[in-house]
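Take a look at the structure below.
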Amino acid sequence: MKWLIYLIIFISSPVIAEPPDNYPFVSFDQGLQQANKSSKNIFLYFGRYGCGWCDKTNVETFSQEKVKQLFLKNYELVYVDAESGKRLTLPSGERITELELGARLNAFATPLFVYMSPQGEVLFRAPGYKTAGDFISFDKYVRGGYYKTMSIADFQKLP
């Protein structure tokens, strides 16, 4: 009987997977416009309502001040609901839904983090829960241009 009570509490507990608090995440369209003006890369976060790993990342990783400062300084932050039918415009001018964008970027599980150029070119993809250390390493990998010549696994082996 005790397990049933825990199950009911677990099922009825809200799991929210919206963008993390205190970050200026914007829509895809708005993020592309901002990136074109600022020349910053885009950090694209695919999440969805009810995603426990998204919530864990928001609570444990995005709460780290070092991560926040790194992202605020170096990226235009974009959040996309991986299950949304909201329409957006690609750099080519094509209109698709957020769900279709997720399919094009193989965002079949959440969370998925995609680093993109200001023009919308995918530079690096990182699926699943990530720690602050992961994001700091990914930042060095992307901003240092290592993604052009080596895999993330090889990069992380460097001294």
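The values are calculated or read from the model by the stated rules, or taken from the named source; none is laboratory data. Bear in mind the structure is a predicted one, so any value in this text is a computation, not a measurement. When we count neighbours, we look across all protein chains shown, and the Cβ atoms used for this are built from the backbone with ideal geometry, even at glycine. The area values use the complete protein model at the heavy-atom level, side chains included, leaving out ligands, DNA and RNA. Shrake-Rupley method; radii C 1.70, N 1.55, O 1.52, S 1.80 Å.
Quick one: in region 14-57, of everything that is part of a helix (DSSP H, G or I) and of a type in the set (F, W, Y), which residue is farthest from T89 (Cα to Cα)? Give the derivation first.
First, pick out the residues of region 14-57 that are part of a helix (DSSP H, G or I): 28-38, 52-57.
Still in the running and of a type in the set (F, W, Y): 28, 53.
Working: F28: 8, W53: 28 Å.
Checked region 14-57; the qualifying residue farthest from T89 (Cα to Cα) is W53.
Suppose we filter K37, K2 for residues that are more than 26 Å from Y129 (Cβ to Cβ) and at pLDDT 95 or above; which single one remains?
Values: K2 fails: at pLDDT 95 or above.
Criteria check complete, one pass: K37.
So in region 23-39, with the set limited to residues that are over 13 Å from the mean Cα position of the chain (by Cα) and closer than 20 Å to L105 by Cα, which one is most open to solvent (accessible area, probe 1.4 Å)?
Looking at the filtered set, the residue picked out is Q33.
Pull out all pairs, ordered by first then second residue, where Cβ-Cβ is under 8 Å, the residues are six or more apart or on different chains, the first lies in region 112-131 and is closer than 11 Å to L44 by Cα and of a type in the set (D, E, K, R), and the second is outside any strand (DSSP E or B) and open to solvent by 60 Å² or more (accessible area, probe 1.4 Å).
Taking only residues 6 or more apart or on different chains, the pairs are R125/N106.
Do we find that E100 is within 23 Å of P127 (Cβ to Cβ) and modelled with pLDDT under 90 in this structure?
On the way: within 23 Å of P127 (Cβ to Cβ): yes; modelled with pLDDT under 90: yes.
Here the answer is yes, as E100 does meet what is asked.
Taking the condition touching a residue at least 24 places away in the same chain (Cβ under 8 Å) and either within 22 Å of F124 (Cβ to Cβ) or loosely packed, with under 14 Cβ neighbours inside 10 Å (or both), does Q64 pass?
Working: touching a residue at least 24 places away in the same chain (Cβ under 8 Å): yes; either within 22 Å of F124 (Cβ to Cβ) or loosely packed, with under 14 Cβ neighbours inside 10 Å (or both): yes.
For Q64, the condition - touching a residue at least 24 places away in the same chain (Cβ under 8 Å) and either within 22 Å of F124 (Cβ to Cβ) or loosely packed, with under 14 Cβ neighbours inside 10 Å (or both) - is met.
Of L70, L77, L90, which residue is of a type in the set (A, V, I, L, M), surrounded by 14 or more Cβ atoms within 10 Å (Cβ to Cβ) and farther than 19 Å from P20 by Cβ?
On the way: L70 fails: farther than 19 Å from P20 by Cβ; L77 fails: farther than 19 Å from P20 by Cβ.
The unique qualifying residue is L90.
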